[in-house]
Amino acid sequence: MAGVDIGGGHAKRRSLDSEINMIPFIDLLMVTISFLLITAVWTHMSRINADVRVPSARPDVPQEPVDVEKSLHVEMRTPDKFTLIWKMGPQVVSSVDVARKDDVTEDNGKKLVRYPDLAARIEQEWKSTASHRDASDTKLDRVVLHTGDETPYMYLIGAIDAISQTHRKFTDPQSGKTENVPAFNVTFAVN
């Protein structure tokens, strides 16, 4: 306990000394410090890398060319088909439709959805159009999955499983070990 002395009182008056319990204040201070430290880490992790290489920013300075990579966009917003679209930035390179056949099975009381036609077509598209096929290439090709807000979770997992069935050889530059890894890095589109 901590005490506060505000000067001696007169004999006929009551004492002006009082004690303030400092433990709750210290507890509040420790919780506040912990909260600030934790949220500081989260704020750093949520940052998006951005740069200012806009053509109109400084016309007198030559601009560095920005490498735009091909990415595969998988549209599964309609119940009857998947649309596979290869894009280079906003430009569409190629597009193909795949019939959507929901192969629903049950395993230990859990429903599983498989899309074998989608998996086969994605592997075919990767072999003909993908950018990162060499075993020494450390990058993966990117797939952007476009779904509706109402799409059930098991269908999302089925589509991700179909995309992840395409594998490629990858040689680790440090160890020299070669292994099969998924050919695509899957991300979701923002609706």
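List of remarks:
- The listed residues are ALA159, ALA120, and the only one of them that is assigned by TED's automatic domain parsing to the domain that holds PHE82 and in contact (Cβ under 8 Å) with a residue 12 or more places away in the chain turns out to be ALA159.
- Only listed residue being within 15 Å of SER71 (Cα to Cα), among the basic types (Lys, Arg) and touching a strand residue (DSSP E or B) at 6+ places or on another chain (Cβ under 9 Å), chosen from LYS127, LYS139: LYS139
- Of GLU179, GLU150, all but one fail to be in contact with a Lys or Arg (Cβ under 9 Å, 6 or more places away or on another chain) and outside any helix (DSSP H, G or I); the exception is GLU179.
- Scanning segment 81-99 for any residue that is outside any strand (DSSP E or B), modelled with pLDDT of 85 or more and either under 20 Å from GLN165 (Cα atoms) or of a type in the set (A, V, I, L, M) (or both) turns up nothing.
- If you go through segment 98-133 and pick out every residue that is under 16 Å from PRO79 (Cβ atoms), surrounded by 14 or more Cβ atoms within 10 Å (Cβ to Cβ) and of a type in the set (Asp, Glu), you end up with 1.
The values are calculated or read from the model by the stated rules, or taken from the named source; none is laboratory data. Note that the structure is a prediction, hence the values are computed from the model and not measured. Neighbour counts run over all protein chains shown; Cβ positions are idealised from the backbone, glycine included.
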